[in-house]
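Worksheet for the structure shown next.
What follows draws every value from the coordinates through simple rules; no lab data is involved. Every value quoted in this text rests on a predicted model; they were computed, and no experiment measured them. Here the Cβ is made from the backbone with ideal geometry for all residues, glycine too, and neighbour counts use every protein chain on show.
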Amino acid sequence: MNVKVISCSECGAPLRVAEGQFLTLCKFCNVKYYVKQDLPPAITIKDNINLAEAKKIVLDNLRHKDVSKGFLANSYFEKGTLFFIPLIEIRGVKARESSKEIAGKSEYGYTAYDYIEHGSHLADLEIDFIDSSIVENSLLNAEQGEYDVNEMRKRGVVLSLKPDFNIEKKTGADEQTVVEKHVRIVYFPVWEINYSYSGIIFKSYISSIDGKPIKIQAIKNHRRKLIFSIMGIFSLAILMARGLKFILIFLTGSEMGMEASRIMLWFFLLGALITIILSSLLIPYFWEMFAFREIISIRQDGVESKLINYSDNNLMKFLRGFLDKARQLFSAGKSDDG
Amino acid sequence: MVDNIKLKCDRCSANLSGKNNNCVFFCLSCGRGCDVSGESSVFYSMKFATPGKTQDLPMEYFPFWHLRSEFSVENTSEGNILEGLTDFYIPAFFIKNINYFGDLGLYYMQKEMKLQYGERLDIPVFPADRGLIDAMNYPYIYLMKEYSRKTGADYVNVNILKTGAGLVLIPFYKKGHSYFDSYLLWNYPSGALI
């Protein structure tokens, strides 16, 4: 954040003015100044949610149906950070598109406009945007706080404005039709709640004005996927058994063949049963294996998921150990033969 | 906009009150408002309205520009000309999504509001972020809206002949996260006014 220094005209004391700060007070002679800045004035929105409340909101939202059932019980709170995110608000009055002239010369068609856009790249956060409907709804019940950069920094992290920020766009109208235009920076308070699950850090974001969740991050619930997997294994076993039975009939073409195929059928059904029992025993491993691979982000506009790097879990360790032992045995057998 | 200016009352030299994004700063003891939205800072006299309807709720003063304007409105298709003198109370704060929440200044004009004035109450003042330059657009807009609403005319010509300007602080009531004015009891969510 850039800081401009001006001198008090009464006592000459240097006064530091941060970007967006239009008011400053000389502490020596108690004179208040209005300082014109290149950037528009900034305001802070009062935050009404404290850390404990933000944590509770995240916990409540982790009971979502798409979140893995064991996630909530086995995740641990790491830290909470209050972010002040700059938004650019451009608002005013413009003549309607059909108007030919402005300032009341020929037509009465005037309408208000109000646009909000991100003033920061959000590079420090694990969100690339905040849904405009969340911002608008939160701001509707908001109250203006005192804009004090030092106070904001004491309480949290103040994100800087993006360097390519341009106040001249987004009025939604030709400049000729704009009758009134106000631009300002609105610092929107957002809680970032960090928690860990099996060594992975998850980040959720909550509007600190009204506690609306912006993004909730967790592990995906794979129960449905597992059920489908087991059903798939079972169906495959039956299909294989029936297929082999028909092959056997085709090859032998006799009563003996029918008898043999019946034996084969029972044999493969037994195989399917063993497959299912093994699958059931491996469920915790499968569960863990699946769980470590997909993180979901629950937003207002839906649920999105992304694959993360594979984590070395128990099943993989077991399989790798098994393969290593098999390889050793195989190489030992070969050397004995030699 | 002006460069660095001292926010001191031109009468009593007290520091003026206001917030960071304000265009108007107030000296409540002298009843003066300083507008910094123009080329130079200008002081205006300020009056304190008494509450129109009494409610047992906390109050806050909301700043309005009081413009007394002589005007003429011409219906371009019919050639009728209406002339008059009227009081406009233009909110010195910005109302968000005004097409939805409604323009209180327009309603005051439609109701031909007569405010009662009295002593200043010891209540906070809501920040004012609309200067006189922007407020001066509104008599045109209000007259056009009102005249076309009354007559159904599509095209009207509005001329503001003369305007006197001052500031008025009108008490609003606060209930939860919303404010309503003490005259029409028109309700706004707090966020629509910041």
May I ask which of A:56/A:212; A:212/B:19; A:46/B:175; B:53/B:175; A:154/B:174; A:4/B:6 have a Cα-Cα span longer than 20 Å here? A:212/B:19; A:154/B:174
What dipole magnitude, in Debye to the nearest 20, does segment B:1-95 give about its Cα centre under +1 on Lys/Arg Cβ and -1 on Asp/Glu Cβ? 640
Starting with the highest mean, order A:117-129, A:178-190 by the number of other Cβ atoms within 10 Å, averaged over the residues of each peptide. A:178-190, A:117-129
Across peptide A:29-36, how many C-beta atoms of other chains are within 10 Å of each residue C-beta, on average? 6
Summed over the other residues with a beta carbon less than 10 angstrom from that of residue B:133, with K and R at +1 and D and E at -1, the charge totals -3
Cα lying deepest toward the dipole's positive end in segment B:60-142, options B:115, B:88, B:127, charges on Cβ: B:127
Averaged over A:134-147, number of beta-carbon atoms from partner chains that fall within 10 Å: 4
Calculate the mean, over all residues of peptide B:165-178, of how many other protein chain Cβ atoms lie within 10 angstrom of the residue's Cβ. 1
Around residue B:48, under 10 Å between beta carbons, what's the net of Lys plus Arg minus Asp minus Glu among the other residues? +1
